[in-house]
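The values are calculated or read from the model by the stated rules, or taken from the named source; none is laboratory data. Given the structure is predicted, the values throughout are model-derived calculations rather than measurements. Note that we place each Cβ from the backbone using ideal geometry, even for glycine, and neighbour counts take in every protein chain shown. Accessible surface is based on the protein model in full, side chains and every heavy atom, while ligands, DNA and RNA are left aside. Shrake-Rupley method; radii C 1.70, N 1.55, O 1.52, S 1.80 Å.
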Amino acid sequence: MSTDLSIFHLITEASFVVQFVMLILLTASVVSWTFIFSKRKVLIRALEITDEFEEQFWSGVPLADLYRKLTSKDFEPEGIEKIFLAGYKEFSRMRQTGNVEPAVQVESAQRAMRIELSRELDRLDEHLPFLATVGSTSPYVGLFGTVWGIMNSFRSLGNVQQATLAQVAPGIAEALIATAIGLFAAIPAVVSYNRFSTRLDRLTGRYDLFVEEFIVLLQRQAHNK
């Protein structure tokens, strides 16, 4: 008598606890892949915007002209553009106030840019903690399902006088599927998290460098009345 060891049969015949563990892991995997594709698109877009903006910024265009372009009705600023707008807007406001020390003007602009920088990094960091959680916990969740399935397999042999491999194999096989699904959910999440974190660190460095370089330009303007 042959035993059906197909994946579908093993999943449908698994105990409720093992099936529930599989469902959790599959759900986590689907959500992870959704976040992976969306986050990849967001980071690529942020890098493209940074490259385009820095090319314009260092092309010698007047800052006032660049500001007007980014604040026009048919333009939606993103990423580093928002950081520039926050700093230049605050700097211009402080200069128009009158009787404000140059150092105060620059410090105010710097604070505005740092606030916008924090907001942008929070937006880019969104969903990364979820990927980290899935990557670190999914193997253990799958292992729990495996242990539970194997435990049930051996418990079912308690009333059997002579156990055979054919009796034990299906239960162990269905239990091991939980571990396989756990790894299937964890590996892409870990790889994507590490890759996205590296890209985000590089982007953060470029944002920080731009803020410092822009502050130098504002200091020159503040002292050239």
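Listing for the model above:
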quantity: Test result for Thr179, open to solvent by less than 50 Å² (accessible area, probe 1.4 Å), among the hydroxyl-bearing types (Ser, Thr, Tyr) and either modelled with pLDDT of 95 or more or over 18 Å from the mean Cα position of the chain (by Cα) (or both); calculated: yes
quantity: Pair list, Cβ under 6 Å, 6 or more apart: the stretch 55-78 residue free of Cβ contacts under 8 Å to residues at least 40 places away in the same chain, other residue of a type in the set (Val, Ile, Thr) and part of a helix (DSSP H, G or I); calculated: Glu78/Ile49
quantity: Any hit, the stretch 134-144, residues being in a helix (DSSP H, G or I) and more than 30 Å from Thr198 (Cβ to Cβ); calculated: yes
quantity: Any hit, the stretch 74-94, residues being hydrophobic (A, V, I, L, M, F, W, C) and farther than 22 Å from Glu116 by Cα; calculated: no
quantity: Some residue of the stretch 66-89 being surrounded by fewer than 16 Cβ atoms within 10 Å (Cβ to Cβ), over 23 Å from Asp208 (Cα atoms) and of a type in the set (Val, Ile, Thr); calculated: no
quantity: Candidates Glu48, Glu76, filtered to the one that is more than 25 Å from His223 (Cα to Cα), among the acidic types (Asp, Glu) and in a loop (DSSP other than H, G, I, E, B); calculated: Glu76
quantity: Enumeration of residues in the stretch 94-115 that are modelled with pLDDT under 90, part of a helix (DSSP H, G or I), open to solvent by 40 Å² or more (accessible area, probe 1.4 Å) and not aliphatic (A, V, I, L, M); calculated: Arg95, Gln96, Thr97
quantity: Selection count where residues are over 19 Å from Val30 (Cα atoms) and either among the charged types (D, E, K, R) or open to solvent by less than 30 Å² (accessible area, probe 1.4 Å) (or both), scope the stretch 116-144; calculated: 8
